[in-house]
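Report on one structure; see the data block that follows.
The numbers here are math on the coordinates, done by the rules we state, and not lab data. All values derive from a computational prediction rather than experimental measurement. All Cβ positions, even for glycine, are placed from backbone atoms using ideal geometry, and neighbour counts span all protein chains on display.
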Amino acid sequence: MADAIYIHIPFCEQICHYCDFNKFYLKSQPVDEYVEDLITEMGIYADEHDEKEPVQSVYIGGGTPTSMSEKQLAKVIHDVRELFPLSESCEFTVEANPGSCDASMMKGLYNAGVNRLSIGVQTFDETLLSAINRDHEPGDAQKTVDMAREAGITNLSIDLMFGLPGQTMEQWKQTLKAALSLPITHISAYSLKIEPKTVFYQMQKKRQLRLPDEDLEADMFEELVANAKRTGFQHYEISNFAKPGFESRHNLVYWDNCEYYGFGAGAHGYLNGKRYANHGPLPKYMKAVSAGERPKREEHQVSSDAQKEEFMFMGLRKMAGVSLDDFEARYHTTMEETFPGVLEALKGDGLITVKDRQVSLTGDGQLLANHVFEKFLLGNEQ
């Protein structure tokens, strides 16, 4: 049974050059109708949810949820709380861009039961904000944090990006300094990945994109880790840092390979051993829901081998790593039997450690994580 819910709001007032998530310009979109269909979709699944199994995490992402009106967003929050049993300690997160949420909306979020905000800062450098087509100014991040705290939301996460076009180490250091001076509880920091169907992808094809080299990107990551730890953040996942007790429960659902609902256009979910993806285009999504159907574009059963692979890929992202005993209890075989020779080879290369029945990445392993994960692909040459 799923114990987490992801809700996708695919509307933005401006499209960032790097973003490949399912999103649409807000202007002229049927937002009220989308909200109604979203609630209808949730109701279809809620009818089958066991009332004795309270949901532990709700995450409303996008897109930009706070690009909707206060009334529209409040309806989504109200109805998910009405449809599903939420635990008393449920982590309820809403994504917001700096400057996209005024004091009234922020207070409304708090009153509706939102207890965590994820703020898409990305950088505090004005030149870089312009280069990636963000629609806020550096000072908006501080204002948004202050507004959230004044409203009563004190569990605050910010997103940062490094490896941006033309970004220097000095710019990254200044962004880290600004970020770590804020009264926040969590930081997610990812290196830029160029994805198809983005402006940056087209620029790269035309050789118009000047990106930091791999060595500089690795140095930026190490600078991030050192500064975050120095200021009291625990490095608990490759790209995530939290003050003690403020780890993202929702993301831990993904990394622990647990099941979750995915609602909305383009959302992904994992239920009853099956992963599914909803229709992305609004007309297709809304047509399916209006017909009383689950708006799935695709669905597939996760094979036994794929489950084991995902256990390793996702679990090794956590600094705590994966448990040899948990693997054996879940799959009734040992990790060594499933991936013969892999643990020893990676240990020999200095990329993992095995201690107290836990397998985890070393510092070098974190920098070469994708290389490590590839070694746990079953059916491939090791």
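Identify, among V121, P85, S290, the residue whose Cα sits farthest towards the positive end of the charge dipole of the chain, taking +1 on the Cβ of Lys and Arg and -1 on the Cβ of Asp and Glu, with the dipole about the Cα centre.
Positive-most Cα among the choices belongs to V121.
Please compute the length gained on full extension between E223 and R330, using 0.36 nm multiplied by the number of residues separating them and subtracting their Cα-Cα distance. Numbers along the way, then the final one.
Numbers: separation 107, 0.36 × 107 = 38.52 nm, distance 3.71 nm.
Taking E223 through R330 to full extension adds about 34.8 nm, to one decimal.
For R81 and Q234, calculate 0.36 nm times their separation in residues minus their Cα-Cα distance, and state this gained length in nm to one decimal.
On the way: separation 153, 0.36 × 153 = 55.08 nm, distance 3.12 nm.
Extending this stretch completely gives an extra 52.0 nm.
Restricting attention to the alpha-carbon atoms of segment 215-314, what are Rg (one decimal) and Dmax (integer), both in Å?
18.4, 54
Taking the Cα centre of the chain as the origin, how large is its charge dipole in debye, to the nearest 20, when only Lys and Arg (+1) and Asp and Glu (-1) carry charge on their Cβ atoms? Walk me through the numbers on the way to the answer.
Working: 38 positive and 58 negative charges, 157 e Å.
That gives the chain a dipole magnitude of about 760 debye.
In a solvent-free Debye calculation with one equal scatterer on each Cα, what is log10 I(q)/I(0) for the chain at q = 0.11 Å⁻¹, listed in the order of the q values?
-0.85
Given the rule -39500 (n - 2.57) for each run of at least 4 DSSP H residues, summed and divided by the residues of the chain, what is its mean residue ellipticity at 222 nm, to the nearest 500 deg cm²/dmol?
Details: 16 runs with 154 residues, N = 382.
The helix-only estimate for the chain comes to -11500 deg cm²/dmol at 222 nm.
Got a sec to turn the phi values of segment 127-142 into Karplus ³J(HN,Hα) couplings, 6.51 cos²θ - 1.76 cosθ + 1.60 with θ = phi - 60°, whole Hz, x for Gly and Pro?
Ordered by residue, 3J(HN,Hα) equals 5, 6, 4, 5, 5, 9, 6, 7, 10, 10, 9, x, x, 5, 5, 4 Hz.
Could you grab the relative contact order for the chain? Cα pairs under 8 Å, six or more apart, rounded to a whole percent. Intermediate values should be presented prior to the final figure.
Details: 666 pairs, mean separation 58.4, N = 382.
About 15 percent, as a whole number.
Out of all DSSP beta bridges with both ends in the chain, state the antiparallel percent to the nearest 5. Mind dumping the intermediate values first?
Numbers: 23 of 55 bridges.
Bridges in the chain are about 40 percent antiparallel.
How big is D, in µm² s⁻¹, for segment 304-374 by Stokes-Einstein at 37 °C and 0.692 mPa s if Rh is the Kirkwood radius over C-alpha pairs?
Details: Rh = 12.0 Å.
Estimated via Stokes-Einstein, D reaches 273 µm²/s.
Once amide H atoms are built 1.01 Å from N in the peptide plane, which residues 5 or more positions from F11, or in another chain, come under 5 Å H to H?
Here F24, T64 satisfy the definition.
If you find the alpha carbon centre of segment 75-128 and of segment 267-300, how far apart are they in angstrom?
24 Å
What residues have an amide H closer than 5 Å to that of V121, excluding those fewer than 5 places away on the same chain, when H is modeled at 1.01 Å from N in the peptide plane?
D159
Write out the cysteines belonging to the chain for which the nearest other cysteine Cβ is not under 4.7 Å, or none if no such cysteine exists.
So, C12, C90, C101, C258.
What is the distance in Å between the Cα centres of segment 130-208 and segment 306-335?
Here the answer is 32 Å between Cα centres.
I need the peptides 7-13, 356-362 ranked by packing, meaning the mean over residues of other C-beta atoms within 10 angstrom, with the highest value on top. Could you put the intermediate results ahead of the total?
Details: 7-13: 22.4, 356-362: 15.9.
Peptide ranking by packing, descending: 7-13, 356-362.
List the lysines whose Cα sits under 19 Å from the Cα of K347, skipping any in the same chain fewer than 8 residues away.
Candidates past the 8-residue exclusion: K318, K355, K375.
Mind listing the long-range amide H neighbours of R297? Cut-off is under 5 Å, sequence gap 5 or more, other chains count too, H placed in the peptide plane at 1.01 Å from N.
Long-range HN contacts for R297: A277, N278, H279.
Please give the residues of segment 175-199, grouped as numeric ranges, whose backbone N is less than 12 Å from a label point set 7 Å along the Cα-to-Cβ vector of R149.
181-185
Loop-only check: which trypsin sites (Lys or Arg not before Pro) in segment 126-206 are DSSP coil with at most 10 other Cβ within 10 angstrom?
Working: sites: R134, K143, R149, K173, K177, K193, K197, K205, K206; in loops: R134, K193, K197, K206.
When the trypsin sites (Lys or Arg not before Pro) of segment 126-206 are filtered for loop state and at most 10 Cβ neighbours within 10 Å, K197, K206 remain.
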